[in-house]
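Report on one structure; see the data block that follows.
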Amino acid sequence: MVMIRTAIFAAAAALLPVFAIAQTKPARVEFEVASIRPVAPQEARVDIGMHIDGAQVSFNFLSVRECMRIAWQMQDYQIIGPDWVSSDRFNISAKLPAKSSTDQVREMLRNLITDRFRMTIHTEKRDFAVYAMVAGKGGLKLKESAPDAAGDGAAPNKNLNISASGSAAGVSVNFGNGSFYTFADNKLVGHRLSMALIVDTLSRYMDKPVVDMTGAPDTAFYDFSFDITADDYRTMLIRTAMKAGVSLPPEAMRLADLPVDSLLSDMEAVGLKLDSRKAPQDAIIIDKADKTPTEN
């Protein structure tokens, strides 16, 4: 049960890629008001993730690292800091200033995190062991999603709800606009996912981060359903728990090193292959941060 709950926590971090990067930024943008409240990791939640409803913004049950993923458009492995930035969880409630846009939320969250946690950071290039996701010899055979009312043709929606939910039955992550994935019943199922979202999702469950090198266009969306054995399913849940900063017994941690052959086999059937490589990537190094945020 602990591993299932932790899988839900880690799934929330996959919300990161959906933010659009604003092209024009003011010198500094901030939430009008904002509160940060610590919450206990064992607290049962079903509304994990980011929600924007008009001027109201909330980030529910997320760690500092997961908030930084959203704010800086980075993956977990690119954010290097103390263990508590993965394990400690917070609820953030904020209000957007008048005439501000949802595109500015990312920068406002950056400023909020660095201010309230008194955080100092720097960026540098580091070599990481990764899986390069490449097209197989026969080319990409992944099924492209059919256009639907919630997809490409959908009207923009100012109320944005991107969330993860789950129970002992599995995990579901909804990215909005008809895009989602589920991890349940020994299956990993995705609908209307870009290649960027696919690699970000896989990175949550693999022993190394996944980097897209397929050459697939950013405008393409895909559906898939990968069958996973019970043993591989357990291994993938353990990996998400470890990435979420949960302490596990040594015997469980050893299982995280096992290959997930059933997933890799299904991926190869649709023309996807994972190659182990070293790759230089940007990294955010947390030089200093207070574990307790300043008063709201």
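Fewest first, what order do HIS191, HIS122 take by the number of other Cβ atoms within 10 Å?
HIS122, HIS191
I need SER63, SER163, SER101 ordered by Cβ neighbour count within 10 Å, fewest first.
Result, fewest neighbours first: SER101, SER163, SER63.
Using a Förster distance of 45 angstrom, determine the FRET efficiency expected from the C-beta separation of THR229 and LYS125, and round it to 0.05.
The formula returns an efficiency of 0.75 here.
Would you list ARG126, ARG234, ARG192 from fewest to most Cβ contacts within 10 Å?
In order of increasing Cβ crowding within 10 Å: ARG126, ARG234, ARG192.
Enumerate by residue number the GluC sites (Glu not before Pro) in segment 244-296 meeting two conditions: DSSP loop (anything except H, G, I, E, B), and at most 11 other Cβ atoms within 10 Å of the site's Cβ.
The qualifying sites are GLU295.
Can you give the extra length, in nm with one decimal, that the chain gains between LEU248 and THR114 once fully stretched, where that is 0.36 nm per residue apart less the Cα-Cα distance?
Taking 0.36 nm per residue and subtracting the Cα distance, the gain is 45.2 nm.
Report the extension gain between GLN281 and TRP84 in nm, rounded to one decimal, defined as 0.36 nm multiplied by the number of residues separating them, less their alpha carbon distance.
Extra length available between GLN281 and TRP84 comes to 68.6 nm.
Every number in this text was worked out from the coordinates using simple rules, so none of it is lab data. All values derive from a computational prediction rather than experimental measurement. Every residue, glycine as well, gets a Cβ built from its backbone with ideal geometry; the counts of neighbours run over all protein chains shown.
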